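The values are calculated or read from the model by the stated rules, or taken from the named source; none is laboratory data. If you're wondering where the values come from, they're calculated on a predicted model, not measured in any experiment. Positions of Cβ are backbone-derived with ideal geometry, glycine not excepted, and every protein chain shown enters the neighbour counts.
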Amino acid sequence: MATLGASTISLIDAMRSTGAEGAADVAEVLNRLSPVYRNAMSVECNDGTRHKHKIRTGLPTNAWGRLYQGIPQSKSAFQMVADTTGFVEGRSSVDTRELEIAKNPALLRQQEADGQIESMKQTIETGIFYSDVTTTPEQFKGLFARYNTLATGSSPSPASANVIDGGGTGSNNCSIAILTWSDASAHLLYPQGTVGGIQRTDMGVQRVLDGNGNAYYVKEEVFRAHVGLAIKDWRYNARICNINATNRDAGTVDLYGLLRKAFYALQGVYQTALRTQDGKPNPSASAEGRTVIYMNRATLAALDALGTNGSANTALRLTTMELEGRMVMAYRNIPIEITDALLDTEAAVA
């Protein structure tokens, strides 16, 4: 069985290593709900709420040598980058009188907590893909803010080489994201001296006011999550953008062709496949990290339909694989996770 958690530190591992068992319990719920947290690696910031790291921008040169002759010195070129974190907060309040008459007060509070965790998961997961500090400075720089220009555009960035154009225009487009989670490629962040994931704090009984200014009492819990994203090496990730949602649903978008282009754009792609061609665990799977394909459920349904219609090449069909006890679809032995955070209302990337 392919076990992602065996080679990379997950959020739950990080919580338990600090003795934060309560936080680890919430992290387990978060992992169950969130396909991003389920696979991601989390790293503590090294500068408060910021994380400073170096990105290699150039390789050293080398030369053929000859006896009795030296070779020129050279060094790598690096750029210092500081990624930031933001926080999301929610509050759960249950009337103490309702708790008094409830058959299971603890269950009632847990149901309220589950709703808060699910809501925060959706907010965080959307931010991981779409947040941009240039428009929302209280958040952090998400994935698509880094992969937001085409290589053929007017101002391409180095990461543009891994932005695949699906050909759509207008504002009814969607994206497929491919992320390699590791310390050397992509990882989530949490502030220095804290713990990652959603922190749940019982505030006890609180006096609050209703809409008419009349007081009553509630039992209150506060939920808070600090999160950021760091991309140390853009080559291990890719974005397929400009997938027209209408054409996708009609089956006229060559999703397999787009995935193939993204697959070969990835650095070290063969080392990141979790299984070999014969279905056995890949012993080199941890060489670069854990690579995961993210798409929304409509895109996965369209992709599956392309591979299972009567005229399809059977070699194009998706396969299934076991991932930490779950059965998931896979493309070229890379698992596919469904996330509803990926929207069908993206503006075209140029």
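If you take the residues of region 225-249 that are of a type in the set (K, R) and either modelled with pLDDT under 95 or not in a strand (DSSP E or B) (or both), which of them is surrounded by the most Cβ atoms within 10 Å (Cβ to Cβ)?
Going residue by residue through region 225-249, those that are of a type in the set (K, R) are 232, 235, 239, 248.
From the residues that got through so far, the ones that are either modelled with pLDDT under 95 or not in a strand (DSSP E or B) (or both) too are 232, 235, 248.
Working: K232: 19, R235: 18, R248: 24.
Looking at the filtered set, the residue picked out is R248.
Being modelled with pLDDT under 95, surrounded by 15 or more Cβ atoms within 10 Å (Cβ to Cβ) and under 15 Å from I240 (Cα atoms) narrows it down to one of V292, V328, so name that one. Spell out the reasoning first.
Values: V328 fails: under 15 Å from I240 (Cα atoms).
Checking each option against the conditions leaves just V292.
In region 22-138, which strands (runs of 3 or more DSSP E) lie fully inside it and hold 1 or more residues that are among the charged types (D, E, K, R) and more than 30 Å from L342 (Cα to Cα)?
Strands (runs of 3 or more DSSP E) meeting the threshold: 77-95.
Residue under question is S119, and the condition is that it be in contact with a strand residue (DSSP E or B) (Cβ under 7 Å, 6 or more places away or on another chain) and modelled with pLDDT of 95 or more; does it hold? Let's see the steps before the verdict.
Values: in contact with a strand residue (DSSP E or B) (Cβ under 7 Å, 6 or more places away or on another chain): yes; modelled with pLDDT of 95 or more: no.
When the stated conditions are applied, S119 does not pass them.
For residues that are out of contact with any strand residue (DSSP E or B) (no Cβ under 8 Å at 6 or more places or on another chain), assigned to a helix (DSSP H, G or I) and either of a type in the set (A, V, I, L, M, F, W, C) or modelled with pLDDT of 60 or more (or both), tally how many sit in region 250-283.
Summing the residues that are out of contact with any strand residue (DSSP E or B) (no Cβ under 8 Å at 6 or more places or on another chain), assigned to a helix (DSSP H, G or I) and either of a type in the set (A, V, I, L, M, F, W, C) or modelled with pLDDT of 60 or more (or both) in region 250-283 gives 5.
From L107, L99, L143, grab the single residue that is among the aliphatic types (A, V, I, L, M) and closer than 20 Å to Y216 by Cβ. Outline the logic, then answer.
Details: L107 fails: closer than 20 Å to Y216 by Cβ; L143 fails: closer than 20 Å to Y216 by Cβ.
Exactly one residue qualifies, and that residue is L99.
Here is a list: S92, S154. Which entry is of a type in the set (S, T, Y), touching a residue at least 40 places away in the same chain (Cβ under 8 Å) and over 27 Å from Y190 (Cβ atoms)?
Values: S92 fails: over 27 Å from Y190 (Cβ atoms).
Result of the check over S92, S154: S154.
Having 2 or more residues that are modelled with pLDDT of 95 or more and surrounded by fewer than 23 Cβ atoms within 10 Å (Cβ to Cβ) is the bar; report the strands (runs of 3 or more DSSP E) wholly within region 167-222 that clear it. Lay out the reasoning, then the answer.
Numbers: elements: 173-181, 186-190, 198-209.
Counting at least 2 such residues, we get 198-209.
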